[in-house]
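The values are calculated or read from the model by the stated rules, or taken from the named source; none is laboratory data. As the structure is a prediction and not an experimental result, all values here were calculated from the model. For neighbour counting, all protein chains shown are included, and Cβ atoms are generated from backbone atoms with ideal geometry for every residue, glycine included. Side chains included, ligands, DNA and RNA excluded: accessible areas come from the protein's heavy atoms. Shrake-Rupley method; radii C 1.70, N 1.55, O 1.52, S 1.80 Å.
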Amino acid sequence: SAGWRMDFVRMHMDPYWSNTPEVSVEGENDIQAFSFERFKRYLDEVFVPMALYAVEKGLYVVMRPPGVCPKETAVGEAYHQYLLKVWKQVAAHTKLKNNTGIMFELANEPVNIKGTDGTYGSTGDACFTNMKIYFQAIVDKIRSHCNNIIWVPGLAYQSSYAGYATHRVEGENIGFAVHCYPGWYGS
């Protein structure tokens with residue numbers, strides 16, 4: 001209705017707002033600079049007002065956490081704990097929870113996860129056994145506060161999903177956030 005010729009926007013809760021300014025980071029996995037106090041402040045002052053404005057204009061909003069996944073992640077490690085903390089705060093926000101115009105994408109582009117066999121990878125039973133555990137914990141944390149639609153990423157930069165066929169993330173209002181890069185890998 002605003003003439004924007006789209007019906008949703010993916011909102012990166014950019015770490016510019018949540019990182020401690022004087023802490024330097026390498027790459028995009030910057031949780032060492034993350035300040036939970038800054039995140040709470042700018043969730044209220046920047047991200048929520050932006051999301052509500054977009055919803056008011058008729059757009060759906062897919063919110064995703066600050067930064068990107070490290071190349072290797074594991075159940076219970078620092079990045080997993082970080083995601084649990086961020087999503088607890090977002091899901092409990094009175095202006096976001098149960099808002100039918102606002103959805104949550106749990107993470108951006110996980111690459112490899114430590115499988116049940118102790119090795120890192122992006123395919124196979126060992127990896128998806130732990131992917132289910134990893135994201136089920138976040139889904140359960142969100143569901144303890146709200147029922148917004150959730151988008152679960154796959155491995156290999158959100159291109160590997162086959163393992164979810166046998167290791168399903170359980171619950172309602174859950175879909176998959178797929179990144180498709182036409183022209184890559186000889187396609």
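A Stokes-Einstein calculation at 25 °C with viscosity 0.890 mPa s, built on the Kirkwood radius of region 1-68 over Cα pairs, returns a diffusion coefficient of 189 µm²/s.
Here the sum of -39500 (n - 2.57) over DSSP H runs of 4 or more residues, divided by the residues of the chain, equals -9000 deg cm²/dmol at 222 nm, to the nearest 500. When the Cα positions of Pro65, Ser144, Val75 are compared along the charge dipole of the chain, Ser144 comes out farthest toward the positive end, with charges on each C-beta of Lys, Arg, Asp and Glu. Could you tell me what percent of the accessible area of region 111-152 is made up of carbon and sulfur, with a 1.4 Å probe and every protein chain present? Carbon with sulfur: 53 percent of the solvent-accessible area. With 5 Å bins beginning at zero, the pair-distance distribution over Cα atoms of region 120-160 amounts to 6, 21, 28, 21, 13, 9, 2 %. The charge dipole of region 42-187, taken about the Cα centre with unit charges on the Cβ atoms of Lys, Arg (+1) and Asp, Glu (-1), comes to about 200 debye, rounded to the nearest 20.
Bridge orientation summary for the chain: considering DSSP beta bridges with both residues in this region, about 20 percent are antiparallel. Figure legend: label point modelled 7 angstrom from the Cα of Tyr181 along Cα→Cβ; residues of region 28-68 with amide N under 19 Å from it are 28-30, 67-68.
If I take every Cα pair under 8 Å that is 6 or more residues apart in the chain, average their sequence separation and divide by the length, what percent do I get for the relative contact order?
Reported as a whole number, the value is 19 percent.
Accessible surface calculations at 1.4 Å, restricted to protein heavy atoms, place region 1-152 at 48 Å² per residue.
Beyond 15 Å, how much of the Cα-Cα pair distribution for region 43-93 remains, as a whole percent? Of all Cα-Cα distances in region 43-93, 56 percent exceed 15 Å.
Rule-of-thumb check for region 86-152: C-alpha Rg over 2.2 N^0.38 Å?
Taking the Cα Rg and dividing by 2.2 N^0.38 Å, one obtains 1.27.
With both labels modelled 7 Å from their Cα along Cα-to-Cβ, the Ser159 to Phe8 distance reads 2.1 nm.
Note on region 9-130: along the principal axes its Cα atoms extend 47, 35, 21 Å, ordered by decreasing extent.
Checking the Cα-Cα distances for Lys57/Lys85; Lys71/Lys132; Lys88/Lys114 against a 27 Å cut-off, the pairs over it are Lys57/Lys85. What is the calculated FRET efficiency for Lys71 to Thr166, with r their C-beta to C-beta distance and R₀ = 35 Å, to the nearest 0.05? For Lys71 and Thr166, the calculated efficiency is 0.90. Would you work out what percent of the accessible area of region 34-77, with all protein chains in place, is carbon or sulfur (probe 1.4 Å)? Ligands and nucleic acids excluded, carbon and sulfur reach 51 percent. With the largest listed first and rounded to whole Å, the semi-axes of the equivalent ellipsoid of region 61-187 from the Cα gyration tensor are 24, 17, 13.
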